[in-house]
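Report on one structure; see the data block that follows.
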Amino acid sequence: MTYTGDVRPGDPADVREIDEVVLRKLAVGPAANNAYLLTCRRSGAQLLVDAADEPERLAELLRDASAGSRLDLVVTTHQHADHHRALPSVVALTGAPVAAGDADADAITAATGVHVQRRLHHGDTLTLGHLVLEVVALRGHTPGSVALVYREPEHVRADGAVAGRAHLLTGDSLFPGGVGATGGDEARFASLYRDVVERVFDRFADDAWVYPGHGADTTLGAERPHLAEWRARGW
């Protein structure tokens, strides 16, 4: 079936094959958080982005992707509780280490009781099997919010693959229609808007795919014409 990225709590995961990686998107919990499982097709290594809620459904997602429920790393995109409610259960089940933005790591550890072993900074890279993802810090929604960027290889083989295309898992920092909430704080909005423009829109092409922390996917091309509008309205 064709991947749409349109999932709701209770729906099965939507699955996308992107040449060397399989991406599974699942909506969980009352806030309809998106959890993403990335699987390296060559090595079987797996990365979960946001163990947000419903640990039993996340465990099922892992079983569907790997006979041994393998999990090599959990990345928590930011410190808000709806993005890590299932983190203790997932770590207890899998033993996977946890990574998060440096400025949010202590808050996540305090809230969950799970130690953040890897504190992420802008420009870091994560390697899982044959997959390499770049860390992009997007400060404003929270001080330590991070996005992850995966680029398709130059020599792609799968149907629908695009050499060099970026795939961005943005947490709550970028959505269809705008940047993440900043509580009406002008300084926080200015910081997030600047980071999103300089570190995302100024770097990646219009075909870059955006996987947000809630709701439907989008592309940078769909959102780019509205940047000035976002700046003018302040959210």
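Sorting the segments 62-73, 14-25 by their mean number of nearby beta carbons within 10 angstrom, highest to lowest, gives 14-25, 62-73. Heavy-atom surface analysis with a 1.4 Å probe gives the stretch 14-233 a carbon and sulfur content of 50 percent of its accessible area. Averaged over its residues, the stretch 14-233 has an accessible area of 39 Å² per residue, based on protein heavy atoms and a 1.4 Å probe.
Let me have the 222 nm mean residue ellipticity of the chain computed from DSSP H runs of 4+ only, each contributing -39500 (n - 2.57), with the sum over all residues rounded to the nearest 500.
-6000 deg cm²/dmol
The share of alpha-carbon pairs in the stretch 124-191 lying farther apart than 13 Å comes to 69%. For the chain, the ratio of Cα radius of gyration to the globular rule of thumb 2.2 N^0.38 Å stands at 0.94. Here the mean projected area of the convex hull built on the C-alpha positions of the stretch 1-42 is 2.9 nm². Relative contact order for the chain: 15 percent, from Cα pairs under 8 Å spaced at least 6 residues apart, divided by residue count.
Each peptide in 34-44, 3-13 gets a packing score, the mean of other Cβ atoms within 10 Å over its residues, and the list from highest to lowest is 34-44, 3-13. Label reach from F201 (point 7 Å along Cα→C-beta): in the stretch 131-155, amide nitrogens under 20 Å belong to 136-142, 145-149. Across the stretch 120-235, Cα-Cα pairs farther apart than 18 Å form 49% of the total. Once the C-beta distance of Q117 and A31 is scaled by a Förster radius of 22 Å, the resulting FRET efficiency is 0.25 to the nearest 0.05.
The H on the amide N of G171, modeled in the peptide plane, is under 5 Å from the matching H of G213, each at least 5 residues off or on a different chain.
Full extension of the chain segment joining D64 with R8 gains 18.3 nm, where the gain is 0.36 nm per residue of separation less the Cα-Cα distance. Working note: Karplus 6.51/-1.76/1.60 with θ = phi - 60° gives the stretch 135-150 the couplings 8, 10, 7, 10, 7, x, 4, 9, x, x, 4, 10, 10, 10, 10, 10 Hz, where Gly and Pro are set to x. Between the stretch 152-221 and the stretch 45-124, what is the C-alpha centre distance in whole Å? Centre-to-centre (Cα) distance: 21 Å. Couplings 3J(HN,Hα) of the stretch 205-220, computed from phi: 6, 5, 7, 4, 9, 10, 10, x, x, 9, x, 6, 6, 8, 10, 5 Hz, in residue order, whole Hz [Karplus 6.51 cos²θ - 1.76 cosθ + 1.60, θ = phi - 60°; x for Gly and Pro].
The values are calculated or read from the model by the stated rules, or taken from the named source; none is laboratory data. What you see is a predicted model; the values in this text were computed from it and never measured. Every residue, glycine among them, receives a Cβ derived from its backbone with ideal geometry; neighbour counts consider all protein chains shown. Note: accessible area is taken over every heavy atom of the protein model, side chains too, but ligands, DNA and RNA are not part of it. Shrake-Rupley method; radii C 1.70, N 1.55, O 1.52, S 1.80 Å.
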